[in-house]
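The values are calculated or read from the model by the stated rules, or taken from the named source; none is laboratory data. If you're wondering where the values come from, they're calculated on a predicted model, not measured in any experiment. Cβ placement follows ideal geometry from the backbone for every residue including glycine, while neighbour counts extend to all protein chains displayed.
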Amino acid sequence: MHAIPPLLRERGFGGEGCYTVPMRIIALSSSRGTTFQAILDAKARGDIKAEIVGLVTDREDQGCVVKAKTAGVPVRVVERSKTEKREAYDHRLNAVIRELAGNDVSDVVIAAVGWMWILGPAFVRQWKNRILNVHPALLPKHPGAHAHAEVLRDGDTESGITIHWIDAGVDTGPVVLQQSCPVLPDDTEETLKTRVQELEKEWYPKVLAMIERGEV
């Protein structure tokens, strides 16, 4: 297990296995929002105490936007043009996150759930050990955007998820938790994806709760 992020510990997280101030979550998603919905459901059940401050996405028509609006979560759309440099986009992304969070961001965790854009080094440095990502494979195997296809291509007998802190590399940050599932002989990319997503929906909210309790 990776240590509790230093900035969260300074605000009272960790220490005797509990937190002393509420954690706040800002979600980054450019997908249907399956795992984001699992976070919303966990919050509704009381499994996590954190305030879900907002959702930041790259397009208004993403499925995650509907889920956020249904739950009453503020949505910000930061579109990216094909010609925009990553650094410029990251700068705008960071500004929107800080606008949602307010002046004090030291209790914020960024939940990257289905976020398909690579975050640049300058952005990651500003949020070191506070961007929590889930990757649909057992890292270090199969990093990048085509994990399910690579698992099937290589004939792996198991796959799974890796929940990790984002660093400046691609799927190279410190691992918080891994969970595995079988790869069946007749699996397609879609059937494998569905099985892996069940792990994501179960374990991503659990890891957020573990962060709150100072267990990771």
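A few points about this structure:
- Look at the range 162-181: where a residue is in contact (Cβ under 8 Å) with a residue 24 or more places away in the chain and a partner is among the acidic types (Asp, Glu) and surrounded by fewer than 19 Cβ atoms within 10 Å (Cβ to Cβ), sitting 6+ places away or on another chain with Cβ atoms under 9 Å, you get 173/167; 174/167; 179/202; 180/158.
- Pair list, Cβ < 6 Å and 6+ apart or interchain, from the range 80-95 residues that are surrounded by 13 or more Cβ atoms within 10 Å (Cβ to Cβ) to residues that are part of a helix (DSSP H, G or I): 80/89; 90/123; 94/123
- Of the residues screened, residue 117 is not one that is in contact (Cβ under 8 Å) with a residue 60 or more places away in the chain and in contact with a Leu (Cβ under 7 Å, 6 or more places away or on another chain).
- Unique residue being within 28 Å of residue 162 (Cβ to Cβ) and touching a residue at least 40 places away in the same chain (Cβ under 8 Å) when the list is 101, 44: 101
- Failed criterion for residue 145 (all others in (1) over 30 Å from residue 88 (Cβ atoms); (2) surrounded by fewer than 18 Cβ atoms within 10 Å (Cβ to Cβ) hold): (1)
- Extreme residue, surrounded by the most Cβ atoms within 10 Å (Cβ to Cβ), among residues of the range 182-197 that are under 20 Å from residue 35 (Cα atoms) and either in contact with a Gly (Cβ under 6 Å, 6 or more places away or on another chain) or of a type in the set (S, T, N, Q) (or both): 197
- Residues being more than 21 Å from the chain's Cα centre (by Cα), on the phi > 0 side of the Ramachandran plot and in a strand (DSSP E or B) - total across the range 144-185: 0
- Residue list for the range 169-213, filter: among the polar types (S, T, N, Q) and under 14 Å from residue 149 (Cα atoms): 188, 191, 194
- Restricting 35, 70 to residues that are surrounded by fewer than 17 Cβ atoms within 10 Å (Cβ to Cβ), of a type in the set (Ser, Thr, Tyr) and at pLDDT 95 or above narrows the list to 70.
- The range 186-216: number of residues that are assigned to a helix (DSSP H, G or I), touching a helix residue (DSSP H, G or I) at 6+ places or on another chain (Cβ under 8 Å), more than 15 Å from residue 138 (Cα to Cα) and among the β-branched types (Val, Ile, Thr): 1
- Residues located in the range 97-130, provided they are over 14 Å from residue 25 (Cα atoms), among the aliphatic types (A, V, I, L, M) and either at pLDDT 95 or above or exposed (fewer than 15 other Cβ atoms within 10 Å of the Cβ) (or both): 116, 119, 122, 124
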